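Bear in mind that the values in this text are calculations on the coordinates, not laboratory data. These numbers come from a predicted model, not from an experiment. When we count neighbours, we look across all protein chains shown, and the Cβ atoms used for this are built from the backbone with ideal geometry, even at glycine.
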Amino acid sequence: MSTIRHGNKSALLVVDVQVGVVSETWDAPFVVKKVARAVERARAASVPVIWVQHEADDLPRNSPAWQLVPELTPADTEARIYKRFESSFEGTNLEENLASLSVTHIVLAGAQTNWCIRATAYAALERGYDLTLLKDAHTTIGIELGNGSRVDASSIINDLNTTITWIRYPGRKSGTAASEDVDFAVAGGDVT
């Protein structure tokens with residue numbers, strides 16, 4: 001059974017918006033613009049922004065590909081989390097950072113939808129956090145299934161937006177919101 005987080009304190013979690021991660025993703029310039037807008041709005045509302053960066057053998061720390069995209073610059077006071085797994089919670093100090101800020105509600109944006117965003121969304125809900133997925137501020141690449149068929153990126157994005165809108169966990173709220181419309185004070189976002 002999960003620990004339900006009581007209270008209503010939000011944080012914006014920006015996952016893997018790195019040069020080498022988003023370089024070939026669907027509609028990357030638009031999504032990066034929406035992530036930047038969400039960061040701007042979070043800061044204006046005094047909502048903490050937490051930055052997550054993935055590292056792997058093909059994405060080594062401090063390499064040019066590992067860097068955040070130039071349009072996004074963390075403030076010196078904003079937490080940085082470094083991960084090696086799809087979930088931003090696994091093998092990191094993310095939970096400790098969230099606890100130190102008394103966060104109960106995660107607003108989620110970044111890349112890639114079908115891997116790190118999905119894994120982080122489910123991990124947040126399973127750990128008792130309320131979740132709002134920014135439906136216009138996450139992206140991915142399409143998947144070749146190897147049998148001549150393909151799942152395009154927009155379908156993957158739409159699938160996760162739909163799932164997060166309708167999935168339910170006891171004692172938690174989940175939903176989606178546009179980056180321009182998200183209310184950081186309302187857990188779960190707009191479920192329309």
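Given a cut-off of under 8 Å on Cα pairs at least six residues apart, what relative contact order in percent is computed for region 28-81? Could you put the intermediate results ahead of the total?
Numbers: 32 pairs, mean separation 22.2, N = 54.
Answer for region 28-81 is 41 percent.
Classify region 20-111: rounded, prolate or oblate, from the alpha-carbon gyration tensor (a ≥ b ≥ c, eigenvalue square roots; a/c under 1.5 rounded; otherwise prolate if a/b is larger than b/c)?
The shape class here is oblate.
List the equivalent ellipsoid semi-axes of region 109-159 in whole Å, largest first, each obtained as the square root of 5λ for an eigenvalue λ of the Cα gyration tensor.
Semi-axes from the Cα gyration tensor: 24, 12, 8 Å.
If you average the C-alpha positions of region 24-52 and of region 85-146 separately, how far apart do those two centres end up, in angstrom?
14 Å
At what distance in nm do the modelled label points of Ser149 and Ala99 sit from each other, each positioned 7 Å from its Cα along Cα→Cβ?
Result for the modelled spin labels: 4.4 nm.
Kirkwood hydrodynamic radius, computed over distinct alpha-carbon pairs, for the chain: how many Å, to one decimal?
16.4 Å
How much length is gained on full extension from Ile4 to Ala45, taking 0.36 nm per residue of separation minus their Cα-Cα distance?
Here the answer is 12.3 nm.
What is the extension gain from Glu90 to Glu24, computed as 0.36 nm multiplied by their sequence separation minus the C-alpha to C-alpha distance, in nm to one decimal? Intermediate results must be reported in sequence, preceding the final value.
Values: separation 66, 0.36 × 66 = 23.76 nm, distance 2.55 nm.
Length difference between fully extended and current span is 21.2 nm.
Return the percentage of antiparallel bridges among DSSP beta bridges fully within the chain, rounded to the nearest 5 %.
The antiparallel fraction comes to roughly 15 percent.
Over region 10-177, what is the relative contact order in whole percent, taking alpha-carbon pairs under 8 Å and six or more residues apart?
Answer for region 10-177 is 25 percent.
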